[in-house]
Amino acid sequence: MQRRDFLKIAGLAAAGNRLLAQQPQSFLAPVSSEDVAKTDFTLEIAPVTVELAPNRIVSTVGYNGISPGPRLRMKEGVPVTVNVINKTDVPEYVHFHGLLIPSDVDGSEEEGTPEVPPHGSRRYQFTPTPAGTRWYHTHTMSMDDLHRGSFTGMFGFLIVEGANDPGRYDQEHYLALRDWEPYFTNQAMDNDDLDSTGPQPEKPAVLDTRQPGLEVMADIFSINDKALGAGTPIRVKPGERVMFHFLNASAIEIRHIALPGHKFNVTGLDGNPVPTPAAMDVLMLGPGERIDAWVEMNQPGVWILGAPEDPVREGGLGIVIEYANRRGAPQWMPPTKPSWDYTVFGKVPSQPAPTERLDMVFEKVPRGAGKFNSFTVNGKSYPHEQEFVLKQGTRYRLTFHNRTDDAHPLHVHRHQLEIAEIYGKATSGVIKDTVVVPTYGRASVDFTADQPGLTLFHCHIQQHMDYGFKALLRYA
Ligand SMILES: [Cu+2]
């Protein structure tokens with residue numbers, strides 16, 4: 001099916017409120033939402049259909065009959081039980097992304113979390129911390145099966161409520177960016193052009209010109225479970241402050257988001273408050289990242305909040321923002337060229353750099369795994385036995401050396417990373433669990449080894465992780 005046909009199906013080509021009106025579902029209140037703070041949760045893993053648009057219904061695996069799964073709302077410091085029932089034929093793992101919890105409940109095979117057996121169940125019990133916008137998702141390998149792992153619909157928001165009132169907003173929306181029906185191709189589209197202007201200290205003198213392997217792509221996109229034009233618009237009034245919690249739940253690509261005529265006031269990255277909130281025209285999120293940003297609604301009209309890249313937005317990655325008493329086709333205007341920079345939200349470093357250092361050098365081996373590329377960490381493929389051994393209580397500076405021709409969203413489980421240096425700039429106070437390191441770029445993050453147990457590091461692009469882009473950190 002051509003993209004143009006899909007647009008007709010999604011109703012965007014007609015761009016009519018007539019079609020929008022046919023979709024009564026609300027983004028705010030999915031039928032089986034568990035968006036109520038409580039302590040006992042059940043996640044049932046089973047096949048689901050997702051109606052992205054009236055004539056585009058995908059078949060995948062989800063939680064509790066929907067995708068995204070229910071929004072889990074927990075209270076910081078109050079123990080919870082999550083019962084996971086696996087109604088599929090394969091073992092599963094549910095990873096709680098961004099939480100500081102023990103290895104045996106973190107939800108990764110590499111860390112030793114027990115599997116949720118096929119047609120079986122497992123109970124995860126932990127005390128959620130820290131407060132903020134977290135998420136949960138499957139942590140199985142996909143390898144060459146694009147119906148497994150994070151290519152499926154197994155993901156959802158997990159909100160840890162803190163003691164502090166996060167602020168008063170007229171509306172609050174949770175928007176997960178997704179792609180569907182992935183396929184392998186040798187002509188992958190590169191959306192990472194944003195980082196082409198930054199310093200490239202890790203660029204090799206001689207580039208590897210071997211033919212690269214197959215990569216994963218998708219042409220069908222959504223925000224939550226609806227393609228642009230197929231869901232209910234977010235209805236606003238002039239002067240309202242609307243809080244958006246964005247999550248890039250893609251297994252594949254870095255995403256950008258813009259809303260013509262409006263600015264995103266970024267207050268949190270990966271759920272953690274930033275030292276210097278700032279207003280941005282365009283947001284960037286690597287797979288796994290979250291952004292909390294509020295928008296003052298001061299440009300009455302009917303707008304598309306969506307991806308600046310035309311094929312991505314027209315393929316469904318967007319949602320309509322409709323002001324009261326405004327009608328007509330939703331408008332889009334291209335934003336200025338994206339220039340995302342984590343250090344904008346940081347502050348001047350005031351602490352000396354940790355003296356304990358860890359270095360990770362990443363390289364890509366074109367077709368190192370048959371049809372696919374493989375990746376090495378410090379010249380070795382996974383597993384890594386001895387090189388990353390942490391001393392309890394020690395603060396480390398971990399430097400990522402990206403010697404590949406792609407940007408990578410790098411994630412460390414069970415720990416919080418403070419960005420110390422990126423794009424050749426020093427910063428502090430930006431606390432993350434996933435950091436996009438640009439093409440041939442270098443980034444340093446500081447973290448304290450205060451979570452004993454096995455700790456997984458990996459690229460959050462599923463195919464990269466599956467083919468070697470991961471390492472296990474252990475405590476001495
Ligand atoms: Cu990667």
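The values are calculated or read from the model by the stated rules, or taken from the named source; none is laboratory data. This is a predicted model, so every value here is computed, not measured. As a convention, Cβ positions derive from the backbone with ideal geometry for all residues, glycine included, and neighbour counts pool all protein chains shown. For accessibility, only protein heavy atoms count, side chains too; no ligands or nucleic acids. Shrake-Rupley method; radii C 1.70, N 1.55, O 1.52, S 1.80 Å.
For region 77-93, check the following and say yes or no: at least one residue is under 26 Å from residue 223 (Cα atoms), in a loop (DSSP other than H, G, I, E, B), open to solvent by 10 Å² or more (accessible area, probe 1.4 Å) and of a type in the set (Phe, Trp, Tyr). Yes, that holds for at least one residue. Taken as a whole, the condition of being in a strand (DSSP E or B), touching a residue at least 40 places away in the same chain (Cβ under 8 Å) and within 15 Å of residue 314 (Cβ to Cβ) applies to residue 256.
Looking at the structure I just gave you, is residue 60 assigned to a loop (DSSP other than H, G, I, E, B) and surrounded by fewer than 23 Cβ atoms within 10 Å (Cβ to Cβ)? First the steps, then the outcome.
Working: assigned to a loop (DSSP other than H, G, I, E, B): no; surrounded by fewer than 23 Cβ atoms within 10 Å (Cβ to Cβ): yes.
No; evaluated as a whole, the condition is false for this residue.
Taken over region 426-465, the criterion of being open to solvent by 10 Å² or more (accessible area, probe 1.4 Å), within 16 Å of the ligand (Cβ to nearest atom) and either under 16 Å from residue 356 (Cβ atoms) or among the acidic types (Asp, Glu) (or both) is satisfied by no residue.
Inside region 111-127, can you point out the residues that are crowded, with 22+ Cβ neighbours inside 10 Å and of a type in the set (D, E, K, R)? If the condition is that a residue be crowded, with 22+ Cβ neighbours inside 10 Å and of a type in the set (D, E, K, R), then 111 is the only one that fits. Cβ separations smaller than 9 Å between residues 6+ apart or across chains give the following pairs from region 235-247 residues that are surrounded by fewer than 21 Cβ atoms within 10 Å (Cβ to Cβ) to residues that are among the basic types (Lys, Arg): 241/168.
Among the strands (runs of 3 or more DSSP E) contained in region 416-475, which hold 1 or more residues that are over 21 Å from the mean Cα position of the chain (by Cα) and touching a residue at least 12 places away in the same chain (Cβ under 8 Å)?
Working: elements: 417-422, 434-437, 442-448, 455-459, 470-475.
It comes to 417-422, 442-448, 470-475.
Taking region 315-355 as the search range and keeping residues that are within 28 Å of residue 198 (Cβ to Cβ) and charged (D, E, K, R), which one is least open to solvent (accessible area, probe 1.4 Å)? Restricting to residues being within 28 Å of residue 198 (Cβ to Cβ) and charged (D, E, K, R), the top hit is 341.
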